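Accompanying notes for the structure given below.
The values are calculated or read from the model by the stated rules, or taken from the named source; none is laboratory data. Computed from a predicted structure; not experimentally measured. Note that each Cβ is placed from the backbone with ideal geometry, even for glycine, and that neighbours are counted across all protein chains shown.
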Amino acid sequence: MDRNTQAKPAAPPAGSAAAPAAAAARPQAGPRAGEEAAAPRREGRAAGQAGRARRPRRRGERGPAASIGLHLTLLVAAFIAVFPPLWLLVTSFKPKSDTFTLSLVSHFTLGNYDHVLNDTEFLTWFGNSVLVVLLTTVIGVLISATTGYALSRFRFPGMRPLMWTLLITQMFPMAVLIVPLYNLMSRYDMLNRPSALVVTYLTIAVPFCAWMMKGFFDTIPVSIDESGRVDGLSPFGTFWRLVLPLARPGLAVTGFYTFVTAWAEVAYASAFMTGEKHLTLAGGLQTFVNQHTQDWHLMTAAAVLIAIPATLVFGYAQRHLQAGLTAGAVKT
């Protein structure tokens, strides 16, 4: 018999007791090898997930707690801002007996608005305010635009003192100027006249608006002025035809600021105007609540009516407000 041909051990019968032992002795190559090969992949995925979980936040990136705190703060701030005008509107529809109740409108009424419009001088006050506001806005925008353009484009003697004067006038509080301005108006017989309020409001609005318009004109290229002069335009013609149309956002902000200054001012209107026929809206509100009468329900109704024109003007001018308020922030 050949040496290479040796008898192989015979496999135990399938039914014998040695078969399970032999099967257990053989290595389970298939499933166990697959598990060993899949283990590194699972460990890699777990390590990747842990790495993503422990990834440091980039600069400016907020975490969950910071986002929740920010949104809660914004909600509280929005509530604080919206609550006073909302409660004013709700109170205007309440009768006098429910003025100080915390409940919403339980007895809805339009009597407050009817009394304000028909039984008081509200329409007269409204007409006086409209006249003062229109004159103040038109004159104020014109003076502010021309002053701002001159400070932006020209160099003339007294320019720096003029700029300092515009700044210094903003440092005085309004209450300090009431007495000297009252004496001036009394000397020139301007009390109880719209011109007194127009001049006073211009002294408040023009210095700030002139500085704001200067910053806006600084952002308009000087080459536009040069092209206008080449075409034969005068300095005022260049300003009126070329530069002023480009300054529309700044004019909108200037007009809105001047409008609000004249529409909502109380101190000068109460000091310079006496008698219900000469009062403006701000002074007329004081007739509802003073040391003798406290008609809060009527005052809230009048306040809502006064706020409507200001809201309409703001809605018209708001598309230009952002561009006008940020004018001059970037140096060109």
Checklist entry - Which is part of a helix (DSSP H, G or I), among the aliphatic types (A, V, I, L, M) and farther than 30 Å from VAL243 by Cβ, of LEU142, LEU135, LEU123? => result LEU123
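Could you say whether any residue in segment 266-273 is part of a loop (DSSP other than H, G, I, E, B), modelled with pLDDT under 90, within 25 Å of LEU191 (Cα to Cα) and assigned by TED's automatic domain parsing to the domain that holds MET185?
Yes, segment 266-273 has at least one match.
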Item to check | Which listed residue is buried (at least 17 other Cβ atoms within 10 Å of the Cβ), without any contact (Cβ under 8 Å) to a residue 40 or more places away in the chain and closer than 29 Å to ILE178 by Cα, from PHE272, PHE288 | outcome: PHE288
Checklist entry - Before we move on, is THR99 closer than 17 Å to ALA303 by Cβ, in contact (Cβ under 8 Å) with a residue 60 or more places away in the chain and either among the β-branched types (Val, Ile, Thr) or in contact with a Gly (Cβ under 7 Å, 6 or more places away or on another chain) (or both)? => result yes
Checklist entry - Of (1) under 28 Å from GLY148 (Cβ atoms); (2) small (Gly, Ala, Ser); (3) at pLDDT 90 or above, ALA303 satisfies all except one. Which? => result (1)
Checklist entry - Do we find a residue being closer than 26 Å to LEU88 by Cβ and acidic (Asp, Glu) anywhere in segment 224-247? => result no
Item to check | Per-region count, segment 164-214, residues of a type in the set (S, T, N, Q) and not in a helix (DSSP H, G or I) | outcome: 3
Checklist outcome for this item: Those residues of segment 216-234 which are among the aliphatic types (A, V, I, L, M), outside any helix (DSSP H, G or I) and in contact (Cβ under 8 Å) with a residue 12 or more places away in the chain amount to ILE220
